[in-house]
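Below is one structure, written out as structure tokens, with a few remarks after it.
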Amino acid sequence: MTDIRHIAADSYNYKTFDAVIVGSGPSGSIVARTLAEKGCHVAVLEYGGLVSPGAMLGPHQAAYGKALTSNGPADGNPWTACCVGGGMRFYNAITFRYRQADLSASQYLTTDMEIDWPITLQDLEPYYLEIEHLLEISGADGFPSFPASPRGLMLSDAMQELGIRSKSIPLAIRPPGTNKGCIKCSACDELACPTDARASVLARSILDDSALPGTISVIYGCFVNRIEMRNDGRAETLECYVPLSSELIRIPVERVIVCANAIQSAALMLRSKSGHAPKGIGNESGLVGRGLSFKISGYSVGYMEPADPSSGAFAPHWGPHASVYTDEFYEHNDVPCRFGGLIYEANFPSPAANVGRVRLHYIAGEEPWSHNRVVLDEAVDQHGIPCIRFEYRNSENDRARMNFLADRADDILRHLGASRVEREPSFQGKGGSHLHGTMRAGSDPRTSVVDSRGRVHGFTNIHVMDGSVMNFAGNSNPAHTLLANARRMAMSLK
Ligand SMILES: Cc1cc2nc3c(=O)[nH]c(=O)nc-3n(C[C@H](O)[C@H](O)[C@H](O)COP(=O)(O)OP(=O)(O)OC[C@H]3O[C@@H](n4cnc5c(N)ncnc54)[C@H](O)[C@@H]3O)c2cc1C
């Protein structure tokens, strides 16, 4: 059984770990599991704490540091979620596979960086299948589809009438009525599932080492500040800050695998300057932190006529955040650049907040430009750690692609009978829950930071296996691909 404990309660002999993983989100957890399956003894270091069932993301995140944004104020969010289990504790369990176009987006988009992935869909295929079974993804091989919500059914009808194909979203949530299925206790968005019907790294045993030949130890409450090097250029120790005791400690490493999210992973590499890496680990070409991608996305809200209070749109919403979507505009001649994204149902996080309203989300991967990046500011936080700053702006292509998707979402809501449609303000450049691209993968150290297996060019025992290595962010939600790709990379380790 996996040992999960606060670092202050720790009595480990750190020298026994074969690998130390930074971050316990889905990427770090699947890497830990894969190595434990191979018989390795693995430590996972996590800054955030344990999350109670039913906890909400907002208050839970408030304790963790903000980032500076282009205009100066510290109003950026550099976390997906900071806790044991990472963003998957609060996610919406939307688990699409990526398409070949996501891995070879240069046919559609313009950029000054590597955008195509150094692997194909065939390389991911076996790992997608494994993850679908592990998470019990609805609609995948033998698992029942998740039934559409009442709003989902209405949206689906409206789309069909407009000639837009609608589909059922693959969800890593056991459907209601199945064994340990969803009990529709609330509206799921930004909520830690109280029943484990929704898959997380804890709810589906990803982090559980029972019956595995190796072991996993999760040590939380410590912030990995720097990777320190030996004279021969191998990573030797991790310098960690423990806020509880205000102490710096050192944990020896045989191998370090960074899975901290595309912002935090890049910041850790930039903080880790040494004689061997004077500009930070992997940053000889100045690429670490560049190509930061948050996804271009937004929401349209349709306000329904009170004249029809019997409509399903006047009931509160309980259950998954989203159940239906359209991919009609993923690759489509009418979309700017011929490359759009998804539009899907997106219920508000509180059941009652949905009364009289229907909301749609549109989402696509943005062009990864080198001027969009994570840097370390001269300012330091209350622990003396350099503040993270984002520099980010959307391209004209991206604005045009997003406006196209927003217009189609508005069309659907109007067709549904909305008397008024409003677009929620968008906070592009201030963080997001889909983080990608700051340590690009490829074979050439001049244009990439890691190789196709996640090893940092020029270093033998330092790897990155999270969204940082995704050259294009993808036009859909990334968790399934993050898990599949991290497992693929971890499988390649000797
Ligand atoms: C509300 C919400 C809804 C979402 N819905 C979906 C969805 O429906 N479908 C989907 O595909 N995706 C969704 N996502 C995104 C998804 O959760 C993320 O893509 C995914 O969690 C990223 O996994 P990761 O392991 O790479 O990083 P993370 O989940 O961010 O995990 C990284 C972990 O590393 C820790 N860490 C970072 N830096 C350090 C450090 N220096 N020292 C120690 N620990 C550190 C962090 O605290 C964190 O726990 C959602 C996210 C949120 C927040």
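Give, in whole angstrom and from largest to smallest, the semi-axes √(5λ) of the equivalent ellipsoid of the range 353-400, with λ running over the eigenvalues of the Cα gyration tensor.
32, 21, 7
If the cut-off is 26 Å between C-alpha atoms, which lysines fall inside it for residue 180, apart from same-chain ones fewer than 8 positions away?
List returned: 167.
More than 37 Å apart: what percent of Cα pairs in the range 3-491 qualify?
24 percent
Over the chain, what relative contact order in percent results from Cα pairs under 8 Å that are six or more residues apart?
24 percent
State the antiparallel share, in %, of DSSP beta bridges confined to the range 3-491, rounding to the nearest 5.
65 percent
Residue 273 to residue 414: extension gain in nm, 0.36 nm per residue of separation minus the Cα-Cα distance?
45.3 nm
Based solely on its DSSP helices, what 222 nm [θ] is calculated for the chain when runs of n ≥ 4 H residues each add -39,500 (n - 2.57) and the sum is averaged over all residues, nearest 500 deg cm²/dmol?
-5500 deg cm²/dmol
Taking the mean number of other Cβ atoms within 10 Å as a proxy for protection, how do you rank 459-472, 395-408 from highest to lowest?
Listed from highest to lowest mean packing, they are 459-472, 395-408.
Hey, if we sort 193, 185, 240 by accessible area with the 1.4 Å probe, largest down, what's the order?
185, 193, 240
Given just the C-alpha atoms of the range 222-359, how large is their convex hull per residue in cubic angstrom?
199 Å³
Go through the cysteines of the chain and tell me which have no other cysteine Cβ under 4.7 Å away.
40, 82, 83, 182, 185, 188, 193, 259, 337, 387
Over the range 3-491, with every protein chain in place, what whole percent of the accessible area is carbon and sulfur at 1.4 Å, could you tell me?
Here carbon and sulfur together make up 50 percent of the probe-accessible area.
Expected output is a single nm value to one decimal: the length gained when fully extending between residue 165 and residue 231, i.e. 0.36 nm times separation in residues minus the C-alpha distance. What is it?
17.8 nm
I want the local charge near residue 400. Using Cβ-Cβ distances under 12 Å, sum +1 for each Lys or Arg and -1 for each Asp or Glu among the other residues.
Overall, the nearby charge balance is -3.
Could I get the Rg over Rh figure for the range 94-173? Both from C-alpha atoms, Rh via Kirkwood, rounded to two places.
Reported Rg/Rh (Cα atoms, Kirkwood Rh): 1.08.
Would you mind working out the accessible area per residue for the chain, using a 1.4 Å probe, and quoting it in Å²?
37 Å²
Provide, as a two-decimal number, the C-alpha radius of gyration of the range 1-125 over 2.2 N^0.38 Å, N being how many residues it has.
1.34
The values are calculated or read from the model by the stated rules, or taken from the named source; none is laboratory data. Predicted model, so just to flag it, every value in this text is computed and none were measured. Every residue, glycine among them, receives a Cβ derived from its backbone with ideal geometry; neighbour counts consider all protein chains shown. With ligands, DNA and RNA removed, areas are computed over all heavy atoms of the protein, side chains included. Shrake-Rupley method; radii C 1.70, N 1.55, O 1.52, S 1.80 Å.
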